[in-house]
Amino acid sequence: MKKHNFSAGPSILPREVIEKTAQAVLDFNGSGLSVLEISHRSKGFEAVIAEAVSLFKELLNIPEGYSVLFLGGGASLQFCMVPFNLFEKKAAYLNTGVWASKAMKEAKGFGETIEVASSKDANYTFIPRNYVIPADADYFHITTNNTIYGTEIHTDIDSPVPLVADMSSDIFSRPMDVSKYALIYGGAQKNLAPAGLTFVIVKDEILGKVSRYIPTMLNYKTHIAEGSMLNTPPVLPIYSALETLRWLKVNGGLVEMEKKNIAKAELLYNAIDNSRIFIGTAAKEDRSRMNICFVMKPEYAELEGDFLKFATAAGMDGIKGHRSVGGFRASVYNAMPIESVQALIDCMHEFEKQH
Ligand SMILES: *Cc1c(COP(=O)(O)O)cnc(C)c1O
């Protein structure tokens, strides 16, 4: 039976990327060696990193003066690496979910941390608006896509202070204006590569301004100086990321991705909105195009387990909602074909007919 992979992360990758990665594991570029057993400082692998950085810059239209880094430690390590490098007196955070609040918790260890707004009391079902960013903050941190709750900031916001964004789950989902950001980071395992790789896009001029000692491995400047080769980088996930970046380019880049992502999200949200038994959980204007959260209407609540079984039997994988939201979550990242979204909708319709 065909499986439809709606997992939130690690998550679906283009079949082509998986096949090409498998090929490189067996024989890297016809070298007779596996990508698993070559030096990260070999000519062959240096070319992989160089092309990956160059495609990052091309696809995201990254202006001059920014560096792209491939690191380990996950998005979670960035929660403390950001304040280590940028926090001098004060930082500001928008609290839109558990990931955002985990990031904020780390900043608090460095000093005065302002929560400019929070949707916590509404279980993070919306993105707060009309908040004030303190003009004397060293930076303002946002989480552009809230993977757990299915809310998303769809535009590149203006900030009077350097803007830092966790884009773990919506990087490469739309064209964006990188110049509005001072730093963008994310774990690669949602929309780019297998787990183990963290990407960072950083504006060089914001670095070197804090007075503390920054441990070498946590210092963006040393990673930039060493071209992500301060120590052994996650070689295999970087190789897969390169294949995904090539796939993005061949498939029309981010303009095309955004079109497809809008079409997929509209299709599923329309089905949810027109359903007798299902209902969406996120505020309509803030609905994520990547993670689509829905639950049973209260009068059908007892059918939740039944639908999960029904959908799983029909090949839908990974649709169980995060425990803090319940219900269902369909993650429809770049690699998810619209046919799989339609298959889920067909499954919802069939279940609705039977109940
Ligand atoms: C998954 C996720 C994280 C955590 O990423 P790790 O790489 O596991 O540390 C952080 N932020 C967001 C928005 C996420 O979706």
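The values are calculated or read from the model by the stated rules, or taken from the named source; none is laboratory data. Remember, it's a predicted structure, so these values are computed and weren't measured experimentally. Every residue, glycine as well, gets a Cβ built from its backbone with ideal geometry; the counts of neighbours run over all protein chains shown. Just so you know, the surface numbers come from the protein's heavy atoms only, side chains and all, with ligands and any DNA or RNA stripped out. Shrake-Rupley method; radii C 1.70, N 1.55, O 1.52, S 1.80 Å.
One table, with the values for the structure above:
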| quantity | calculated |
| --- | --- |
| Subset tally (residues that are within 12 Å of the ligand (Cβ to nearest atom) and either modelled with pLDDT under 95 or of a type outside the set (V, I, T) (or both)) for the stretch 181-202 | 14 |
| One residue from L36, L59 being touching a residue at least 60 places away in the same chain (Cβ under 8 Å), surrounded by fewer than 13 Cβ atoms within 10 Å (Cβ to Cβ) and in contact with a Leu (Cβ under 7 Å, 6 or more places away or on another chain) | L36 |
| Failed criterion for H355 (all others in (1) over 21 Å from G150 (Cα atoms); (2) touching a strand residue (DSSP E or B) at 6+ places or on another chain (Cβ under 7 Å); (3) in contact (Cβ under 8 Å) with a residue 60 or more places away in the chain hold) | (2) |
| Per-region count, the stretch 1-27, residues touching a residue at least 24 places away in the same chain (Cβ under 8 Å) and open to solvent by less than 60 Å² (accessible area, probe 1.4 Å) | 14 |
| Which listed residue is away from the ligand (no atom under 16 Å from the Cβ) and either within 16 Å of the chain's Cα centre (by Cα) or in a helix (DSSP H, G or I) (or both), from A91, A75, A47 | A47 |
| When residues of the stretch 63-72 are limited to those that are in contact (Cβ under 8 Å) with a residue 40 or more places away in the chain and either open to solvent by 20 Å² or more (accessible area, probe 1.4 Å) or among the aromatic types (F, W, Y) (or both), the one farthest from the ligand (Cβ to nearest atom) | G65 |
| Filtered residues of the stretch 313-331 (kept if in a loop (DSSP other than H, G, I, E, B), among the hydrophobic types (A, V, I, L, M, F, W, C) and open to solvent by less than 10 Å² (accessible area, probe 1.4 Å)) | I319 |
| Options N334, N270, N261: the member that is in a helix (DSSP H, G or I) and either within 30 Å of E243 (Cα to Cα) or of a type outside the set (S, T, N, Q) (or both) | N261 |
